[in-house]
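**Student:** Can you keep this structure in mind? I'll have questions shortly.
Every read-out reported here was derived from the displayed coordinates using simple, explicitly stated rules and does not represent laboratory data. All values reported here derive from a predicted model rather than from experimental measurement. Positions of Cβ are backbone-derived with ideal geometry, glycine not excepted, and every protein chain shown enters the neighbour counts.
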Amino acid sequence: MKAYLNRFSVQLLTILVSAPVNVTTNGKGMRLLPDQSDNQTDASQDYRFVTTLNFVGGSGSPTAQLMIQGSVDGTTWFDLAPGANRVGAGTFFEIIDVPTGPLLPWIRARVLIGGTTAPNIDTTVEIVSTGPFQLTT
């Protein structure tokens, strides 16, 4: 069993309750830098994304979904791991795993919002790991 310790975590996306969004929103692209001091190879270091999503209002089939994206250059983004597609109001907690292997050098979180009248969304996405790492711009 792998341990994901709180000391190895960083907020990747925060949309506050006081300033919710109702349009698809991209988080800031961050360069992922594993720490070499732990003698763990980059390929064996594991990452998860701990998320909270609050979904309020909307009509005409409102939806919200978190997506973890990766990039090799910080410009062109690829979908790596989708969160569950939410179709109704509520507060949702989810751990998103990237099942296809190591992450790309750049990562970001994205919240996809839809519906005739889109819902208001606030969310947090935190990246946690089995070893130390840094995120830089």
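**Student:** What's the whole-number percent of alpha carbon pairs in the stretch 48-123 lying beyond 18 angstrom?
**Tutor:** Cα-Cα pairs in the stretch 48-123 separated by more than 18 Å: 42 percent.
**Student:** With springs connecting C-alpha atoms under 10 Å apart, model the chain as a Gaussian network and identify which of Thr116, Thr63, Thr91 has the largest mean-square fluctuation.
**Tutor:** Thr116
**Student:** Please compute the Kirkwood hydrodynamic radius of the chain from all pairs of different C-alpha atoms, in Å with one decimal.
**Tutor:** Computed over Cα pairs of the chain, the Kirkwood hydrodynamic radius comes out at 15.4 Å.
**Student:** To the nearest 20 debye, what charge dipole does the chain have about its Cα centre, counting +1 at the Cβ of each Lys and Arg and -1 at the Cβ of each Asp and Glu?
**Tutor:** 220 debye
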